[in-house]
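Data block below; observations after.
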Amino acid sequence: MALDFDEYWRPFIILREQEKKSRLQGLDAQKANIAAGKSVARILRTSLGPKGMDKMLQSPDGDVTITNDGATILELMDVDNQIAKLMVELSRSQDYDIGDGTTGVVVMAGSLLEQAEKLLERGIHPIRVAEGYEMASRIAVDHLESISTKYEFSATDIEPLVQTCMTTLSSKIVSRCKRALAEIAVKAVLAVADLERKDVNLDLIKVEGKVGGKLEDTELVQGIIVDKDMSHPQMPKRIEDAHIAILTCPFEPPKPKTKHKVDIDTVEKFQTLRGQEQKYFDEMVQKCKDVGATLVICQWGFDDEANHLLMQRELPAVRWVGGVELELIAIATGGRIVPRFQELSTEKLGKAGLVREKSFGTTKDRMLYIEKCANSKAVTIFIRGGNKMMIEETKRSIHDALCVARNLIINNSIVYGGGSAEISCSIAVEAAADRHPGVEQYAIRAFADALDAIPLALAENSGLPPIDTLTVVKSQHVKENNSRCGIDCNDVGTNDMKEQNVFETLIGKQQQILLATQVVKMILKIDDVITPSEY
């Protein structure tokens, strides 16, 4: 691209290889961008809420995923349009930062774009629309703060956390077991949480799944589950009061790093070499026995000779354990990862009250449970389910519940769900529009209308008449000055979300509004799109 001037010194742009490029300018570009954003939001709109529909996505290599998690749907969709990719990034940002509300944030952004399109058609400049949206988002975020409630909980009183996690799980495929799964998620988070610093490290919670059994068999293990079994079938399957040596060095003789060759031309030389190798194995096993280890967990494999020797010396071993799992085992058992046999000592051994191997069903699948650890700061959620898709979706649902519990520990403010927070913000933003004399007041009113998209989608997905339902709830808000009234998706018979125990975290809801506004502002400021033409 280059800038040039004509004979009257009027500037014009010269595009290199113009015939190979297509160009959209001005209002046409903005409308095309808005249409792309709206089409993505339309896909996710039907997945919102407890009665939202699931999407089935098939990858190019034939893997099928069934989910209603917004971030996962957009991640697996093959999106070419650059504006649609911005919506995918938006959902991913919400997922990374908050972990929940990934569908709602895209639906809200799509609604804001829809309202912006009407304002642009009326001749309002996109910059003024963007500024109005920014003002309105600040009003909405401040209003959310004012209607929020502090939700007190403690390590003994976990009911508030469980209720909030149940709200998250109610829109998932696992909603029939939401109470049990919410309790598991909350107990897992509290096990690894530092309540004084209000800090939670979710990396210490391992989520493992195994096909078979039913969803109700999902359990929380106060320790680590490793998808491995003992290296020799005759090794003991249950070890109590285990002292664990965690090794990243292989059970094999050292290999010289030079390129020298060893020529063996007689049987005696071969016997000598074999005897030397056996001596190495003997020393390694004896070293483990001398420091008091009763179980060896190794990152690498070892050959049959080493395996046989370990079995003979009554030293159970597990091989081919991944690096991440080794770290979790070290954290849980209070042990140290040992890179060389020479550094192995009694202080570096991990301690666990019970290590057992468990078989599943009629298959040969076995897993290793490391329980009653010295440091219970690492836990495992073990999911069972009828098929692989069910387990994957349960993992995603559990992740959302863990994130919600973490957010509540960081900031224990909540707002009521079911669209009540959006309706309340919509009324507050509408009232604030009258205090702004400029053109921005149109954008602020449009923002208030866009906030209604969430309760409308909830009502629509629940099979209720959307406009009638929203009108009734909105008038209830104004008459009773009650910010807890939302859409009765589950047909309980009351619109009061406090009675229905439908809660959402304040920081999650604020983040939704701020992220959606930022992305919409970015899209509105694009007025020229130059793309390579397709032949």
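Considering only the Cα atoms of region 328-463, their convex hull presents on average a projected area of 16.5 nm².
Just report the Cα centroid separation between region 289-330 and region 117-159, whole Å. That distance is 55 Å.
For region 225-375, a crude dipole built from +1 on the beta carbon of Lys and Arg and -1 on the beta carbon of Asp and Glu, taken about the Cα centre, is about 200 debye to the nearest 20. Measuring nothing but how far apart in sequence close Cα pairs (under 8 Å, 6+ apart) lie, relative to its length, region 45-176 scores a relative contact order of 22 percent. Accessible surface of region 225-375, 1.4 Å probe: 51 percent of it comes from carbon and sulfur atoms. Take every pair of alpha-carbon atoms less than 8 Å apart whose residues are at least six positions apart; their mean separation over the length of the chain yields a relative contact order of 26 percent. Candidates Val141, Ala433, Phe12 compared by Cα position along the dipole of the chain: farthest toward the positive end lies Val141, with charges placed on Cβ.
Over the Cα atoms of region 394-535, the radius of gyration divided by the Kirkwood radius equals 1.05; this is the Rg/Rh ratio. If you take the alpha carbon atoms of the chain and fit the smallest convex hull around them, that volume is 241 Å³ per residue.
Every Cα-Cα pair in region 225-375 was counted, and those over 27 Å apart are 25% of them.
Around the Cα centre of region 226-308, unit charges on the Cβ atoms of Lys, Arg, Asp and Glu (plus for the first two, minus for the last two) sum to a dipole of about 260 debye. The distance from the alpha carbon centre of region 72-107 to that of region 482-527 is 17 Å, rounded to a whole number. Loop-located trypsin sites (Lys or Arg not before Pro) in region 399-474 (DSSP state not H, G, I, E or B) with no more than 14 neighbouring Cβ atoms inside 10 Å: Arg435.
In the structure shown, the pairs Lys237/Lys372; Lys38/Lys388; Lys228/Lys351; Lys150/Lys521; Lys118/Lys521; Lys178/Lys210 are assessed against 25 Å; a Cα-Cα span above that value is assigned to Lys38/Lys388; Lys150/Lys521.
For the chain, the share of DSSP beta bridges that are antiparallel, to the nearest 5, is 70%.
With the gyration tensor restricted to C-alpha atoms of region 143-269, the semi-axes of the equivalent ellipsoid amount to 50, 20, 15 Å, longest first. Of the GluC sites (Glu not before Pro) found in region 288-333, those in coil by DSSP whose Cβ has at most 13 other Cβ atoms within 10 Å are Glu314.
Here the chain is assigned +1 on the Cβ of each Lys and Arg and -1 on the Cβ of each Asp and Glu. Its dipole about the Cα centre then comes out at about 900 debye. Each peptide among 408-414, 101-107, 287-293 gets the average number of other Cβ atoms lying within 10 Å of its residues, and from highest to lowest they stand as 101-107, 408-414, 287-293.
Percent of Cα pairs in region 388-447 per distance bin of 5 Å, from zero to the largest separation: 4, 15, 13, 12, 13, 12, 12, 9, 6, 3, 2, 0. Antiparallel beta bridges, as assigned by DSSP with both residues in region 225-375, represent about 60 percent of the total such bridges.
Size descriptor for region 269-350, Kirkwood hydrodynamic radius: 13.6 Å (Cα pairs only, one decimal).
Heavy atoms of the protein chains alone define the surface here; on that basis the chain has 49 Å² accessible area per residue at 1.4 Å probe size. Expressed as a whole percent, the proportion of Cα-Cα pairs in region 1-157 lying more than 24 Å apart is 54%. Across region 1-93, the fraction of Cα-Cα pairs farther apart than 24 Å, rounded to a whole number, is 44%.
Could you name the aspartates and glutamates in cross-link range of Lys269, using Cα to Cα under 15 Å and dropping any fewer than eight places away on the same chain? Filter leaves Glu277.
Based on Cα contacts under 8 Å between residues 6+ apart, region 225-375 shows a relative contact order of 38 percent.
The values are calculated or read from the model by the stated rules, or taken from the named source; none is laboratory data. It should be emphasised that the depicted structure is a prediction, and the values quoted were computed from it without experimental measurement. No Cβ is skipped: glycine too gets one built from the backbone with ideal geometry, and neighbour counts run over all protein chains shown. Accessible surface is based on the protein model in full, side chains and every heavy atom, while ligands, DNA and RNA are left aside. Shrake-Rupley method; radii C 1.70, N 1.55, O 1.52, S 1.80 Å.
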